[in-house]
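One structure is given here, and the rest of the page talks about it.
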Amino acid sequence: MGGADTATLRPVAPVAQGAAIATGAVSGGWVVRGLKLLLGILLIPACVGFSLAFHDVVYDWCVVVRVSEIFHLDPSGIVTCARWLAGGMVAFAVVGGLLWRPVLVYVFAHELVHALATWLSLGTVTNFRASVSGGQVTTSKTNTFIRLSPYFVPLYALLSVGVWLALDAWWRPLGDYRYLLAGLIGCFWAFHVGFTLWSLNRGQSDLKPDGWLFSIVLIYLANLLMAAALLGFALGGKPACAWDAVKANATKGYERSLEIYRNLGRGAERLVRNT
């Protein structure tokens, strides 16, 4: 039977130094962490490239309104959905920042995503707890996906998309009401981003096994692609629109990142020649 892993929103007590050194020496953990740290550093330019690409795509779609040409949709409907998307974000910012902070709602989603990721990884969950003071889930295995998935999987936004698709397929067509879906996506995406930043600021133990830098880089890149998918779905109302959005961001992000790496390589080459 595999060893149990615990993921919690509260900082855990540090492991005794001798035990940590012994564990790292036996398992080769220090070597793996060193490689992940190096990979995290190497991926920083990719974070910049994908961020610039996301800006380019959003500007192209929402400012130039070329999204109507890409998805073959009515431009006026696109503008309405964009307004509802922004309105949903503002609504959560006002409610979550001034009126009510739904900590328990977030903790439940955080631990549930840990559990779902464990099941997808063919593991088992033996304990699940969520409260305002923190949460905990005990699993039979752990990996990077299980540890980091709550930080880039906006559970409630994805659930709203799933419910909307189910109603659209088995109840009645909802294409004329996709602005409502855009509002929900905006609200739940703001909820995800806000509470992810809040939880990371509390010193999450989930990031320690893979290293802080490597984990943050992966979380950032995954959230950019998830944001692109939700944006495409919110504006287009179709799964194909989400895929087109991810593809556009991935393609442009790769091109932008490659350009940055090339410029860094040329700069390093000039530096070596001048020394």
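Of the residues making up the range 90-117, those that are part of a helix (DSSP H, G or I) and of a type in the set (D, E, K, R) number 1. For the range 216-275, taking the residues that are basic (K, R) and assigned to a helix (DSSP H, G or I), the one that is nearest to the chain's Cα centre (by Cα) is identified as K247. Condition first: among the aromatic types (F, W, Y), in a helix (DSSP H, G or I) and buried (at least 19 other Cβ atoms within 10 Å of the Cβ). Now tell me which residues in the range 132-155 satisfy that. Of everything in the range 132-155, just one residue is among the aromatic types (F, W, Y), in a helix (DSSP H, G or I) and buried (at least 19 other Cβ atoms within 10 Å of the Cβ), namely Y151.
Of the residues making up the range 161-179, those that are surrounded by fewer than 14 Cβ atoms within 10 Å (Cβ to Cβ), under 16 Å from A240 (Cα atoms) and not hydrophobic (A, V, I, L, M, F, W, C) number 2.
Within this structure, S205 passes the test of being surrounded by fewer than 21 Cβ atoms within 10 Å (Cβ to Cβ) and touching a strand residue (DSSP E or B) at 6+ places or on another chain (Cβ under 8 Å). Number of residues in the range 182-215 that are closer than 26 Å to V58 by Cβ, among the small types (G, A, S) and more than 14 Å from the chain's Cα centre (by Cα) equals 3.
Looking at this structure, is L264 under 18 Å from L42 (Cα atoms), loosely packed, with under 13 Cβ neighbours inside 10 Å and of a type outside the set (D, E)?
Details: under 18 Å from L42 (Cα atoms): yes; loosely packed, with under 13 Cβ neighbours inside 10 Å: yes; of a type outside the set (D, E): yes.
Yes, satisfied.
Tally up the residues in the range 200-245 that are charged (D, E, K, R) and farther than 22 Å from V103 by Cα, please. Final tally of qualifying residues: 4. Among the conditions (1) outside any helix (DSSP H, G or I); (2) farther than 30 Å from T126 by Cα; (3) modelled with pLDDT of 60 or more, V65 misses just one, which is (3).
Against the condition in contact with a helix residue (DSSP H, G or I) (Cβ under 7 Å, 6 or more places away or on another chain) and at negative phi, how does G135 come out, does it pass? So that I can check it myself, show each step before the final result.
On the way: in contact with a helix residue (DSSP H, G or I) (Cβ under 7 Å, 6 or more places away or on another chain): yes; at negative phi: yes.
Yes, satisfied.
Does the range 158-181 include one or more residues that are under 13 Å from the mean Cα position of the chain (by Cα) and assigned to a helix (DSSP H, G or I)? Yes, there is a match, as at least one residue in the range 158-181 is under 13 Å from the mean Cα position of the chain (by Cα) and assigned to a helix (DSSP H, G or I).
Selection of first residues in the range 198-222 that are over 21 Å from G135 (Cβ atoms) and touching a residue at least 24 places away in the same chain (Cβ under 8 Å) and of second residues that are of a type in the set (V, I, T) and part of a helix (DSSP H, G or I), restricted to Cβ pairs under 9 Å at least 6 apart or on distinct chains, gives the following pairs, ordered by first then second residue: L213/I41; L213/I44; F214/I41; F214/T144; V217/I41; V217/I44; L218/T144.
The values are calculated or read from the model by the stated rules, or taken from the named source; none is laboratory data. Bear in mind the structure is a predicted one, so any value in this text is a computation, not a measurement. Ideal geometry is used to build each Cβ from the backbone, glycine not excepted, and the neighbour counts take in all protein chains shown.
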